[in-house]
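One structure below.
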Amino acid sequence: MWLSVVSVAAALFLMSAGTGRPETGPDSGLVLAPGDTVSYAVIGAPELTTVSTIGVNGRLQLPLAGWVDAAGLTIDGLRRQVASRISGSPVRTVGPDGQEVWRQISGDLLFLTVAAYRPIYLIGDVRENGEQPYRPGLTLRQAVARAGGLGMPLDIPESGTQLITLSAERDVVAGEVDFVKATLARLEADLAAVGTEQPDDAAGAAAHGEDAARWLDARNAERQLSRGNSELVVRQMNNRLQVLQELLRTHQANLGIEQEALERAQSLADRGLTPASNVTEARRAVLQVSMQALETSGEIHRLQLDLARTSDEVARLQQSQRAELLEQIVTSTASLRTLERRLAALDQRLAALGGQHIVSQIKPVYRIEIHRPGSAGIETTQLSDIPLLPGDVLEVETIYGSAAGAAAPSQ
């Protein structure tokens, strides 16, 4: 019976919402490629949940859908393709009563998201070479900050080593401070939006900073999509509940009619005016209507339990999001305080060595090249908010002296 409720909800979803899903979210326009990992789940069939990585041939394997050509598609395009392929597929599931039953899968119950994009790579004159995990919206400035900032040991006389080392360390710490501040702004904006029906207005988002505002817009879009899906399921369950309650009232009315018919047949049979078989038929009709009313009543009870459980899960998810964000804010705040103390100590040591003037004379220019598979590279000498894509390779080169002057952008 639980499976029939899910099937009815899926059918109502199709009638009311069609077969498409809204293409929103921070990653809806990113193109998938080998190395990206996709998370796959179907409502009501937890045994199908899996995580699959796109292979070098551009394909990935998913339950019911089999091998799918994913490379070159956005996640929304892949979702539509997989949904059309699995619609109507039979699946054996276990209901609350422990019985195994077969049901047909609806493509609109599919949840397909990107679990992880292929990483980006930084090489050359950054604090930490190597790969970094990619998230939608990542910029050049953020990636370099996460790598510890720009810089490398300079070829200068031994007497200046300590000064340059302190200066480079200060640049790294300053970059970390900026990164943690930006992270805190995003977290606080995200926390303020949790549980609200509508996202912050433009003025409220701008108060958290430009980067935080963009992050908040993306998170609000993701949260609204999730909330819309949950509300849709609850609404369809309520509609089904109303149908069942009306059906129960009809059964009860029919039961009263059949009982009156039984009493009349019994009275006529007692006086010998009708055969006993008519009484038997009347009793059978009463029993049949009673069983229908009992079955409908049981289905109403189970649906009410499912509805309450779904509402509780939505509320618990919201509280869990708030608790996680609060924990991240506390950790980031403590990290920021530590970094600020380190930065102040480094400023004092540099001032004592008279390092500000010397460092300004030897400050280099950095050439940054972004190598992107399948397209022309990007070259810049400025840290900026250039958006990065999964798989980008950032090569950083330090330029000194006259070469630095030639590399600097014209004013």
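The values are calculated or read from the model by the stated rules, or taken from the named source; none is laboratory data. Owing to the predicted nature of the structure, the values given are computational and were not obtained by experimental measurement. Positions of Cβ are backbone-derived with ideal geometry, glycine not excepted, and every protein chain shown enters the neighbour counts. Protein only, heavy atoms only, side chains kept; ligands, DNA and RNA dropped before computing areas. Shrake-Rupley method; radii C 1.70, N 1.55, O 1.52, S 1.80 Å.
Some observations on this one:
- Take GLU176: with every protein chain present and a 1.4 Å probe, its accessible area is about 60 Å².
- Within the accessible area of region 239-305 (1.4 Å probe), percent carbon and sulfur: 54 percent
- Reduced Cα scattering model of region 259-318, Debye log10 I(q)/I(0), q = 0.18 Å⁻¹: -0.69
- Cα centroid of region 292-330 to Cα centroid of region 54-129, whole Å: 25 Å
- Taking the 1.4 Å solvent-accessible surface of region 67-145 as the whole, the part contributed by carbon and sulfur is 50%.
- Cβ-defined net charge surrounding ALA293, 13 Å radius [Lys, Arg +1; Asp, Glu -1]: -3
- Potential lengthening between GLU295 and THR398 on full extension [0.36 nm per residue; Cα-Cα distance subtracted]: 29.4 nm
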